[in-house]
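Engineer: Submitted below is the structure of interest, expressed as structure tokens.
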Amino acid sequence: MIIDIPDTTISQVAKQLVKVREEGGAVALGRVLTLVIAARNGVAEAAIDAANDASREHPMRVIVLTAGEGEARLDAQIRVGGDAGASEVVVLRAYGDAASNAESLVTGLLLPDAPVVAWWPDDAPADAADSPLGRIAQRRITDAATSHDVRDRLSLLGRTHAPGDTDLAWTRLTHWREQLAAVLDQPPYESVTAADVRGAAASPSTALLAAWLQMALKVPVTWSYEDPEEWEEGIKSVRLTRASGDILLERPSPSVAVLTQPGQPDHELHLPRRTLRECLAEELRRLDADLLYGRVITEGWSRLGPPEQRA
């Protein structure tokens, strides 16, 4: 069910939410958090779809805030039932001066005594923790992959990092880190002496993986960008050098990776690029600070050397 409320106020939207719950049977008691999404109109629907999918694992209230130019006005839309997954979605479209105070727009719609997560799917503020929405949130999610200059964005994330900050470029690395850790847990138990990471030019995950490896293994790590093929996004390959030979984890196609180890047959692994819904759901599983990401973005990234450029 979708209810449009044009030219309204936050108090009227809150009253309508209560009315919807009373008349339609929508229940807010099972909501475990409030997810606040600040997005442009062009990406808001994709973010809502991802939140709706993630809500089946994390029932929540979703507040979507978009800003536009024009005469001061607030339009709202409430989505419940099949149009909102296991969540209830409130879309706020603020225009002109009505969009000047994002914090006041969402405060009256937050679930009482429930954690708040702020998510910027595209253009994140320079300092997420010190932004109007970031100050009321326990967790703050950004995505460096949407930036025009990946290296500048990662440097900015490192300088402004605060406990509770995270980035989807880091979340996309979970399966890569799991596979590499699993390989090193198997014999022969030799030390890694060097590592090399390659990926697409627009992939901040490539840099973050290289920074994590350098910090975790305490070895020299080179990383490079390659000209992508039509399908290629994200990380292309990781090579770990040991005395008995190199371990190579390479993704030759969009969803399959090949693991090559000395003296063993090649193994094909299912390693597709993670969807937005998967990344969001993972971040919502924990509402405490991601300490490892904090170390990688503040310490590991700053110590990583410049990338190589490969044709």
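Engineer: Out of the residues in region 1-31 meeting the condition of being assigned to a helix (DSSP H, G or I), open to solvent by 70 Å² or more (accessible area, probe 1.4 Å) and among the charged types (D, E, K, R), tell me which one is modelled with the lowest pLDDT.
Structural biologist: Looking at the filtered set, the residue picked out is 23.
Engineer: Is at least one residue of region 178-199 under 26 Å from residue 37 (Cα atoms) and open to solvent by less than 10 Å² (accessible area, probe 1.4 Å)?
Structural biologist: There is no residue in region 178-199 that is under 26 Å from residue 37 (Cα atoms) and open to solvent by less than 10 Å² (accessible area, probe 1.4 Å).
Engineer: In this structure, is residue 135 open to solvent by 50 Å² or more (accessible area, probe 1.4 Å) and within 23 Å of the chain's Cα centre (by Cα)?
Structural biologist: Against the criterion (open to solvent by 50 Å² or more (accessible area, probe 1.4 Å) and within 23 Å of the chain's Cα centre (by Cα)), residue 135 qualifies.
Engineer: For residue 115, are the conditions met, namely being of a type outside the set (Val, Ile, Thr), in contact with a Leu (Cβ under 9 Å, 6 or more places away or on another chain) and surrounded by fewer than 18 Cβ atoms within 10 Å (Cβ to Cβ)?
Structural biologist: yes
Engineer: Continuing with the same structure: Take the residues in region 199-250 that are among the charged types (D, E, K, R) and outside any loop (DSSP other than H, G, I, E, B), then tell me which one is modelled with the lowest pLDDT.
Structural biologist: Here the answer is 226.
Engineer: Now a separate question. Among the residues of region 114-155, write down those that are closer than 19 Å to residue 37 by Cβ, of a type in the set (S, T, N, Q) and at pLDDT 95 or above.
Structural biologist: Passing the criteria: 131, 138, 142.
Engineer: A further question follows. As an exercise: evaluate residue 49 against (1) in the same structural domain as residue 6 (by the TED database); (2) within 18 Å of the chain's Cα centre (by Cα); (3) free of Cβ contacts under 8 Å to residues at least 40 places away in the same chain; (4) open to solvent by 40 Å² or more (accessible area, probe 1.4 Å) and give the number of the one condition it does not meet.
Structural biologist: Single failed check for residue 49: (3).
Engineer: Ok, one more. Is it true that residue 302 is open to solvent by 40 Å² or more (accessible area, probe 1.4 Å), over 30 Å from residue 45 (Cβ atoms) and modelled with pLDDT under 95?
Structural biologist: Yes; evaluated as a whole, the condition is true for this residue.
Engineer: Considering 66, 146, which residue is within 25 Å of residue 8 (Cβ to Cβ), of a type in the set (Ser, Thr, Tyr) and crowded, with 18+ Cβ neighbours inside 10 Å?
Structural biologist: None of the others qualify; the one that does is 66.
A quick yes/no check of all residues on (1) open to solvent by 40 Å² or more (accessible area, probe 1.4 Å); (2) in contact (Cβ under 8 Å) with a residue 40 or more places away in the chain; (3) β-branched (Val, Ile, Thr):
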site	(1), (2), (3)
234	no, yes, no
243	yes, yes, no
259	no, yes, no
264	yes, no, no
274	no, yes, no
279	no, yes, no
293	no, yes, no
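Engineer: What residue, among those in region 32-90 that are modelled with pLDDT of 95 or more and among the hydroxyl-bearing types (Ser, Thr, Tyr), is nearest to residue 17 (Cα to Cα)?
Structural biologist: Taking the candidates together, the pick is 34.
Engineer: If you don't mind, another one. Outside any helix (DSSP H, G or I), open to solvent by 30 Å² or more (accessible area, probe 1.4 Å) and within 17 Å of residue 173 (Cβ to Cβ): does that describe residue 286?
Structural biologist: When the stated conditions are applied, residue 286 passes them.
The values are calculated or read from the model by the stated rules, or taken from the named source; none is laboratory data. Values in this document were obtained by computation on a predicted structure and should not be read as measured data. All Cβ positions, even for glycine, are placed from backbone atoms using ideal geometry, and neighbour counts span all protein chains on display. What goes into the accessible areas is simple: the full protein's heavy atoms, side chains included, and nothing from ligands, DNA or RNA. Shrake-Rupley method; radii C 1.70, N 1.55, O 1.52, S 1.80 Å.
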